[in-house]
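Just below is one structure, and these are the notes that go with it.
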Amino acid sequence: MLTLALHSRLPLVWVTSTDPLNDTEVIRYLAETEGLNEIGISIPTDKDPKNSLLTDILDYDVMIHLGSIENYSLRDLYDAADSHQVTLVVVNRGDAICPAGFFDAGHLKAPSAMMREFLQSLVPDSYLSEVTDALKGLDMKDVQQVTQLTSARDGSLTARGIMSTRKIFINSIQGLSLESTNIPFYNPHEKLEKWIALNKKPFLYSQIPSLVPKGILMNGDAGTGKSLGAKHIADSLGVSLLRLDLGALMSKWLGEAESNMTRALAMVEECSPCVLLLDEVEKVFSSSEDSGSTTRMMGQLLWWLQEKPSRVLVVMTTNDQDKIPPELYRKGRIDTTMTIEGLTKKEATDFFSSLLGWYKDQGLKVPTVGRMLTLATTYNNVKTVSPADLTQLVEDELKTLNF
């Protein structure tokens, strides 16, 4: 957003920085990219004459101000900047709120071109683009730290290594975590496989926004593999999986839950392309829930689901679709709803065969499929059983046979 603000020559711009070592250089880089080469830096002191900023900015295309503006009137700042076609960029290094009248350019991030220049001596050209993409959303300080940590641990820089290190930064956002997509064994539903096959290329490559899939709601009883389905989707697409714990965003302080939601969604967008898992959404957004914070959080999420410009595939799960408001999964926000059911006894036969085959390949003694069907006494009372329950039966039998 700062690039657009500089390109538009907006007079008053506010940007937040957590990188005092590099923020002025990043702003300078962006300004020079836009052909704005006369750049000044204002660091106020107690000895500065009154209203010195109003005269200092007149000689520049861009003035970077690193102090408070509380002693200046908005009108005076605007008139001075606008009349001389100067962009005043106020850098907020604390927790101040953007004043009325300023354009809020958000958090200052490292430009991709600047990252590429930094990485050129560290990464082979064949990996440069994917490593740069893996660092998107970080400021230059974090870019430098992530690359140093990854290189020290792995001996080289790869996109996979970068994303592993980024867990440190993503996990610092309340409620948000980077999840592993490694699944030792997963037997995906045929309808999920068909959906992935249909949507993989449009998600990764389509330049037409309306053809980029938005997401899927998976409905079904506990243990049917909905969360594993999200991991499978991310792994199939070759992108990261982020999990947003909606309950962890809640706070007793007025407005804090909404702020947590804003920060989390901003980080998610910065990590795109990715899959975002919203697990068991009915625990926070139920049809009967009408608390102020929950209503406002849902409003934020609905708007984001509808309007998000980034390649973020949202996977919502619920144990009971009837408990969540239908506006949460209407078309335009979510592409489809899929019910994930337990396995019939016939399907369990195939499931046991695949799972036991996988464990046999690991060098373990395994029971027969017939033995497992005998142990699955739950089928005496119900028509379907969750894969999680069947997996537990197999694991218990394997412990008896091998240990």
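Nothing in this text is a laboratory measurement; each read-out follows from the coordinates by a stated rule. Quick caveat, the model's predicted, so the values are computed rather than measured. Every residue, glycine among them, receives a Cβ derived from its backbone with ideal geometry; neighbour counts consider all protein chains shown.
Ranked by Cβ crowding within 10 angstrom, fewest neighbours first, how are Y205, Y127, Y329 ordered? Don't jump to the answer; show the numbers that get you there.
On the way: Y205 10, Y127 16, Y329 22.
Fewest-to-most Cβ neighbours within 10 Å comes out as Y205, Y127, Y329.
Evaluate E = 1/(1 + (r/R0)^6) for S129 and R75, where r is the Cβ-Cβ distance and R0 equals 60 Å; express this FRET efficiency to the nearest 0.05. Write down the numbers at each step before the final one.
Details: r = 46 Å, r/R0 = 0.77.
It comes out at approximately 0.85.
What nm value, rounded to one decimal, do you get for the distance between L21 and S206 when each label is placed 7 Å out toward the C-beta?
According to this spin-label approximation, the distance is 4.2 nm.
Per residue of the chain, what 222 nm ellipticity follows from adding -39500 (n - 2.57) for every DSSP H run with n ≥ 4, rounded to the nearest 500?
Working: 15 runs with 176 residues, N = 403.
One gets -13500 deg cm²/dmol as the mean residue ellipticity at 222 nm.
How do T374, T16 line up, fewest other C-beta atoms within 10 Å first?
T374, T16
Which value does Rg/Rh take for the chain over its C-alpha atoms, Rh per Kirkwood? Spell out each step's value before the answer.
Details: Rg = 26.2 Å, Rh = 24.5 Å.
A ratio of 1.07.
Using a Gaussian network model on the chain with a 10 Å cutoff between Cα atoms, which of P325, P99, P273 fluctuates the most?
Answer for the Gaussian network model of the chain: P99.
Any idea what log10 I(q)/I(0) is at q = 0.12, 0.29 Å⁻¹ for the range 269-326, Debye with uniform C-alpha scatterers and no solvent?
Relative scattering, expressed as log10 I(q)/I(0), comes to -0.31, -1.23.
Taking 28 Å as the cut-off for C-alpha to C-alpha distance, list the pairs among K226/K323; K136/K200; K109/K194; K323/K383; K226/K383; K191/K331 that go past it.
Working: K226/K323 17 Å; K136/K200 22 Å; K109/K194 38 Å; K323/K383 24 Å; K226/K383 19 Å; K191/K331 19 Å.
Flagged as over cut-off: K109/K194.
Debye calculation, C-alpha points only, no solvent: report log10 I(q)/I(0) for the range 2-107 at q = 0.18, 0.24 Å⁻¹, in the same order as the q values.
After summing over all Cα pairs, the log10 values are -0.81, -1.56.
Expected output is a single nm value to one decimal: the length gained when fully extending between D59 and W358, i.e. 0.36 nm times separation in residues minus the C-alpha distance. What is it? Intermediate results must be reported in sequence, preceding the final value.
On the way: separation 299, 0.36 × 299 = 107.64 nm, distance 7.12 nm.
Taking 0.36 nm per residue and subtracting the Cα distance, the gain is 100.5 nm.
Run the numbers on the range 190-339 and let me know its relative contact order in percent, using alpha-carbon pairs under 8 Å that are six or more apart.
Working: 223 pairs, mean separation 53.7, N = 150.
Reported relative contact order: 36 percent.
What full-extension length gain, to one decimal in nm, is calculated for K167 and Q306 as 0.36 nm per residue of separation minus the Cα-Cα distance? Could you put the intermediate results ahead of the total?
Working: separation 139, 0.36 × 139 = 50.04 nm, distance 2.72 nm.
Roughly 47.3 nm would be gained on extension.
Given N residues in the range 173-303, what is its alpha carbon radius of gyration divided by 2.2 N^0.38 Å?
Working: Rg = 15.7 Å, N = 131, 2.2 N^0.38 = 14.0 Å.
Taking N as the residue count of the range 173-303, the ratio is 1.12.
Quote the charge dipole size of the range 313-373 about the Cα centre in Debye, to the nearest 20; the model charges only the Cβ of Lys and Arg (+1) and of Asp and Glu (-1). Present the calculation step by step, with values, prior to reporting the outcome.
Numbers: 9 positive and 8 negative charges, 40 e Å.
Dipole size: approximately 200 debye.
Just subtract the alpha-carbon distance of K194 and N380 from 0.36 nm times their residue separation and send over the number in nm, one decimal.
Details: separation 186, 0.36 × 186 = 66.96 nm, distance 3.20 nm.
Length gained between K194 and N380: 63.8 nm.
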